[in-house]
Amino acid sequence: MPLDEAFLKETIDAWQPLSREPLTMADAQEIAESMTGFFAALARCAKEARTRSRLNRTDNPNAQHDQ
């Protein structure tokens, strides 16, 4: 998925200090896609944790939970 050129330039500006080599627009595209995938994985993990928490409350109605 091609990203907006301005966004890719901002990505290069943000990540360039961490790289010894000059970053290209292709590098910025890869970084953006990788970060998107990383945060999507975090969101899935958080959703699964919430689901497990709800199931645990349903399975054990006598358990004490934070309010």
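The figures follow:
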| quantity | calculated |
| --- | --- |
| Separation in nanometres of the label points that stand 7 Å from Cα toward Cβ, at F38 and R57 | 3.2 |
| Note, ³J(HN,Hα) from phi for region 42-53, Karplus 6.51, -1.76, 1.60, rounded to Hz, x at Gly and Pro | 4, 5, 5, 4, 4, 5, 5, 5, 5, 4, 4, 4 |
| Point-charge dipole on Cβ atoms (K/R +1, D/E -1) for the chain, about Cα centre, debye to 20 | 620 |
| Proxy reagent accessibility, fewest Cβ within 10 Å first, across L23, L42 | L42, L23 |
| Using θ = phi - 60° and Karplus 6.51 cos²θ - 1.76 cosθ + 1.60, couplings along region 12-21 (whole Hz; Gly, Pro as x) | 4, 4, 6, 9, 4, x, 9, 10, 6, 9 |
| Spherically averaged projected area of the chain from its Cα convex hull (nm²) | 7.2 |
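No value in this document is a laboratory result; all are computed from the given coordinates. As the structure is a computational prediction, the values presented were derived from the model and not from experiment. Glycine also receives a Cβ, built like all others from the backbone with ideal geometry; neighbour counts cover every protein chain displayed.
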